[in-house]
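Right, one structure below, let's go through it.
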There are 2 protein chains.
Amino acid sequence: MTGRPPPLYGDHVPDPAPRAAERNQSSSLRRALAVLAEVRDHAGPGQGLTLSRLAESLAMPKSTILRLTAPLVDAGLLARDRRTGAYRLGVGVLRLSQAYLGTLDLRTVAAEESARLAREAGETVHLVIYEPPHVVYIDKVENQATVRMASRIGSRAPVYCTAVGKAILAWQPEEAVAEVVAAGLPPITKFTITDGDRLRADLLRTRQRGYAVDDRENEPEVRCVAAPIFNHDDTVTAALSVSGLTSRITAARVRDLGPRVAQSALRVSRHLGSSR
Amino acid sequence: MTGRPPPLYGDHVPDPAPRAAERNQSSSLRRALAVLAEVRDHAGPGQGLTLSRLAESLAMPKSTILRLTAPLVDAGLLARDRRTGAYRLGVGVLRLSQAYLGTLDLRTVAAEESARLAREAGETVHLVIYEPPHVVYIDKVENQATVRMASRIGSRAPVYCTAVGKAILAWQPEEAVAEVVAAGLPPITKFTITDGDRLRADLLRTRQRGYAVDDRENEPEVRCVAAPIFNHDDTVTAALSVSGLTSRITAARVRDLGPRVAQSALRVSRHLGSSR
DNA sequence: GCACGGTGTTCTGCATTGCAGAACAAACAG
DNA sequence: CTGTTTGTTCTGCAATGCAGAACACCGTGC
């Protein structure tokens, strides 16, 4: 999407014998999706992206964008401010994501367990899936008592500095870990693990005790305990976590919560057909 | 989207002089979006849509769908089951909706609805957000006919004696109500509710009928009807109201306005992604 | 075993369809 | 009013997507 390879735009290679696979790339469709991505990434709460700005940043003629844009607006994926004419995302995207979340059976299966965990722990519970190289939050159960955190559903987070990420990564093959390390481990807080060997040691401990811990590695005031959810083929593509402010989740509490989160995740795994 | 007019697909009108506007319709892009919509609408939790089924229901050749689909998959809007090859929505749609919800300016979303409400009711409409322990006026649409009231945008008001405040409070957890009561309910007018239990009873009625009423509780000559606006996570942090002088807004008129304000607020809620 | 109806995928000539520059219109700013 | 930005329409050119047919690939059931 952001990193679509060579057929960037404007590269007209006068290929004498263009293969079919190289011809049929739906360039217009790809460009339309590039427009969509551009609007998604650069559109502040205040204003959207104007036609000219889009044309400039995507290096396309305005007429092209106008043409590509019309169907997107009709479909509700884009909307146009009727005063300024600026583009923003449209309500249609909500329909998409709602439908998407509806198709996730993991969410349904885990719902009961998440709710119980949230109630018993009195903290916020998150459910994430693994979309390399990130984890994506697909469900959240909040305890009503605490200060509300921003809704995370749909947002992404790095693998190496979150409990859920590490819980998943710990059960991936070594290559996956190597890739994550190779991609770099930029520090988010001063507690973030930025060394590959230390990360591997942490993943080993995670496997041994059955749950992962994020001790202020992603947010300065948040501790987080997560356990892997095993698929029907015993691979790990999801995780369940309990997180909260450090004032509430102490080191001692982590040792109490860990096994309970692992238990909950295990029950979900069983529902999915895991043999664990 | 589902009801796009003539250029359905396959209608080749042998127009001798096709206008530019009729030529540039990005038919391929439109068809790609039709594919997306089809997957969105017909993809149960269990399985996705197979290529052949898509081709059949959309009346397109399989090769076309395959070609259109490739970029959508690359963009993450569609995903393909690696075993069955069936199409389902991809995680990319979450990124879209996440971005969409981030850019939402409540004012913009509510603007259209507020204007209509103001026009139909012929009274002043207010939009407020909840900033405990107050409500803050963030937009106002006046009817030109009446005497103008002092501009309220940005000003704060107590929760317990305004319709907007009560509309919001009625959908908060009991702790929030307790806090408000604990902070005290000083009388503003002689109609102000100053008793915690009476306030709770009023909030209960508000929940039951779907809108809140301020009967001269904040200003001696003003009646006000308000309804809650639900967020994308179905919490309430804003409200919409119609207010006017008691001479114009009678008790009977309140019963007429109530459901209409509730309707308007509901429409705004839907735009914000509420499932209500 | 081999035909079968069912998948998904590749290929290729044809012309429809999208391309982009230029020309136009409209809204501001100086 | 002239200049500079914006958004929009137009149109010749050919690149690009179109769709049918041909291919490869399962499984199932005579």
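Can you give the average number of partner chain beta-carbon atoms within 10 Å of each beta-carbon in peptide A:99-107, as a whole number?
Numbers: counts 9, 14, 4, 5, 11, 4, 3, 1, 1.
The mean count of partner-chain Cβ atoms within 10 Å per residue comes to 6.
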Value of relative contact order over chain A, rounded to a whole percent, pairs C-alpha under 8 Å and six or more apart: 13 percent
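Rounded to two decimals, what is Rg over Rh for segment A:20-92 when you use alpha-carbon atoms and the Kirkwood radius? Present the calculation step by step, with values, prior to reporting the outcome.
On the way: Rg = 12.4 Å, Rh = 12.5 Å.
My calculation of the ratio gives 1.00.
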Return A:L101, A:L29 ranked ascending by Cβ neighbour count within 10 Å, so the fewest neighbours appear first. A:L101, A:L29
In segment A:210-225, which residues have a backbone nitrogen under 18 Å from the label point lying 7 Å from B:E175's Cα in the Cα-to-Cβ direction? A:222-223
Within a 10 angstrom radius of each residue's Cβ in B:62-70, how many Cβ atoms of other chains show up on average? Whole number is fine. 2
Straight-line reach only, C-alpha to C-alpha below 29 angstrom: list the lysines that A:K140 could link to, leaving out same-chain residues fewer than 8 apart. A:K166, A:K190, B:K166
Cα-Cα pairs in segment A:149-220 separated by more than 22 Å, as a whole percent of all pairs, come to 17 percent
Once the principal axes of the Cα atoms of the protein assembly as shown are found, what is the range along each, listed largest first in whole angstroms? 85, 77, 39
Got the B:Q208 label distances to the other copies yet, label 7 Å along Cα→Cβ, in nm, shortest first? 6.2
For chain B, the charge dipole (Cβ of Lys, Arg +1; Cβ of Asp, Glu -1; about the Cα centre) points to a positive end, and the Cα of B:L89, B:V109, B:A163 closest to that extreme belongs to B:L89
What relative contact order, as a whole-number percentage, does segment B:41-137 give when Cα pairs under 8 Å and 6 or more residues apart are counted? 17 percent
Per 10 Å bin from zero, what fraction in whole % of the C-alpha pairs of segment A:199-247 is there, up to the bin with the longest pair? 25, 48, 23, 4
So what are the ³J(HN,Hα) numbers for segment A:163-178, from phi and the Karplus equation (6.51, -1.76, 1.60; θ = phi - 60°), rounded to whole Hz, Gly and Pro as x? 5, 4, x, 5, 5, 6, 4, 4, 10, 8, x, 3, 4, 4, 5, 4
Using only Cα atoms, what is the ratio of the radius of gyration of segment B:181-264 to 2.2 N^0.38 Å? 1.12
Kirkwood Rh over alpha-carbon pairs of chain B, then Stokes-Einstein at 4 °C and 1.567 mPa s: what D in µm² s⁻¹, rounded to an integer? 59 µm²/s
Scan segment B:223-274 for trypsin sites (Lys or Arg not before Pro) in coil per DSSP, keeping those whose Cβ has at most 16 other Cβ atoms within 10 Å, and list them by number. B:R248
Selection of trypsin sites (Lys or Arg not before Pro), segment B:82-128, meeting DSSP coil and at most 12 other Cβ within 10 Å: B:R82, B:R83
Taking each label point as 7 Å beyond Cα in the direction of the beta carbon, state the distances from A:R255 to the same residue in the other copies, shortest first, in nm. 6.6
Near the amide H of A:A212, under 5 Å away, which other amide H atoms are found, from residues 5 or more places off or on another chain, if H is placed in the peptide plane? A:A226, A:A227
Can you list the residues, at least 5 places off or on another chain, whose amide H is less than 5 Å from the amide H of B:V222, using H built in the peptide plane? B:R216, B:T246
Across the identical copies, how the B:T194 labels are spaced - nm, sorted shortest first, 7 Å along Cα→Cβ: 6.1
If you consider only alpha-carbon coordinates, what radius of gyration and Dmax does segment A:85-240 have, in Å? 16.3, 57
In segment A:152-259, the GluC sites (Glu not before Pro) that sit in a DSSP loop and have at most 13 other Cβ atoms within 10 Å of their own Cβ are A:E221
Using a Gaussian network model on chain B with a 10 Å cutoff between Cα atoms, which of B:S27, B:S97, B:S155 fluctuates the most? B:S27
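With an 8 Å cut-off on Cα pairs and a minimum separation of 6 or more residues, tell me the relative contact order of segment A:20-92 in percent.
Reported relative contact order: 31 percent.
FYI, it's all coordinate maths here, none of it is from the lab. Worth saying up front: this structure is predicted, and the values here are computed from it rather than measured. Every residue, glycine as well, gets a Cβ built from its backbone with ideal geometry; the counts of neighbours run over all protein chains shown.
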